[in-house]
Amino acid sequence: MSRVGKNPVPIPAGVTIELKGQHLKAKGKRGELQLMVHDDVSVAREGEALVFKPRTESRRARMQWGTARNLASNVVRGVSEGFTINLEINGVGYRAQADAKMLKLQLGYSHDVEVPIPSGIQIKAPKPTEVEISGADRQKVGQLAANIRSLRPPEPYKGKGIKYAGEKIRRKEGKKK
């Protein structure tokens, strides 16, 4: 029995949900998101909550039950609050600068690295060593953050590179004389 799937998804004030069969559409102050719920899971609206149940007792239906509930929860939370990921840049001369359509990074290469900003995502650089990625779609925000981090992942000797805020870098000792 799924512990996650049992919990209903509360619908906060200001969010409208349209449910047509397996198609879920949510609108809120941060935008509009859609989700196709897996065929093995039934979704229903009960009051101010979405309730998920497996259609059969097959192993696949039980696996999709919790997944569908969490995906719907992410959609509802995304259109109401949104998601934010903060990145930190460590290293001498490493900097970030954000425009409306492009994020320019100086990461110790012979050239600046430019990352295009997809629609529906906002990027701010409050300091030259901090990048804040926010948006309604959790998957897009997380994927863009992972792509930016992969441009110069933190190295274990000096800790230089791009890391998530709060991420602990496992440090190694340098060579001995």
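The values are calculated or read from the model by the stated rules, or taken from the named source; none is laboratory data. None of these values were measured; they are calculated from a predicted model. Every residue, glycine among them, receives a Cβ derived from its backbone with ideal geometry; neighbour counts consider all protein chains shown. Protein only, heavy atoms only, side chains kept; ligands, DNA and RNA dropped before computing areas. Shrake-Rupley method; radii C 1.70, N 1.55, O 1.52, S 1.80 Å.
Between helix 59-80 and the chain, what is the angle of the helix's C-alpha long axis to the longest principal axis, kept within 0 to 90° and rounded to the nearest 10?
70 degrees
In percent, what relative contact order does the range 34-177 have, based on Cα pairs under 8 Å that are 6 or more apart in sequence?
20 percent
How tilted is helix 138-151 with respect to the longest principal axis of the chain? Cα atoms for both, answer in degrees (0 to 90, nearest 10).
So the inclination is approximately 20 degrees.
Please calculate how many Å² of accessible area the chain carries per residue, with a 1.4 Å probe and no DNA, RNA or ligand atoms counted.
About 62 Å² of surface per residue is accessible.
If I take R0 = 35 Å and measure r between the Cβ atoms of K20 and Y109 in this structure, what FRET efficiency does the formula 1/(1 + (r/R0)^6) give, to the nearest 0.05?
Taking R0 as 35 Å, the efficiency between K20 and Y109 is 0.10.
If you add up the charges near G161, with Lys and Arg at +1 and Asp and Glu at -1, over every other residue whose beta carbon is less than 11 angstrom from its beta carbon, what do you get?
Local net charge: +2.
How far apart, in nanometres, would the label points at K172 and N90 be if each is projected 7 angstrom from Cα along the Cα-to-Cβ direction?
It is 1.5 nm.
Roughly how many debye, to the nearest 20, is the charge dipole of the range 66-177 about its Cα centre, given +1 on each Lys and Arg Cβ, -1 on each Asp and Glu Cβ, and no other charges?
That gives the range 66-177 a dipole magnitude of about 720 debye.
Normalising by the residue count of the range 117-166, find the relative contact order in percent from Cα pairs under 8 Å and 6+ residues apart.
Relative contact order, the range 117-166: 21 percent.
Roughly how many percent of the accessible protein surface of the chain is carbon and sulfur, given a 1.4 Å probe and a whole-percent answer?
Exposed carbon and sulfur together represent 49 percent of the surface.
Kindly provide the helix-only [θ] at 222 nm of the chain, computed as the sum of -39,500 (n - 2.57) over DSSP H runs of four or more divided by all residues, to the nearest 500 deg cm²/dmol?
About -7000 deg cm²/dmol.
Only Cα pairs under 8 Å and at least 6 apart count here; give the relative contact order of the range 82-159 as a rounded whole percent.
Reported as a whole number, the value is 33 percent.
Enter the Cα centre distance for the pair the range 108-177 and the range 37-79, rounded to the nearest angstrom.
33 Å
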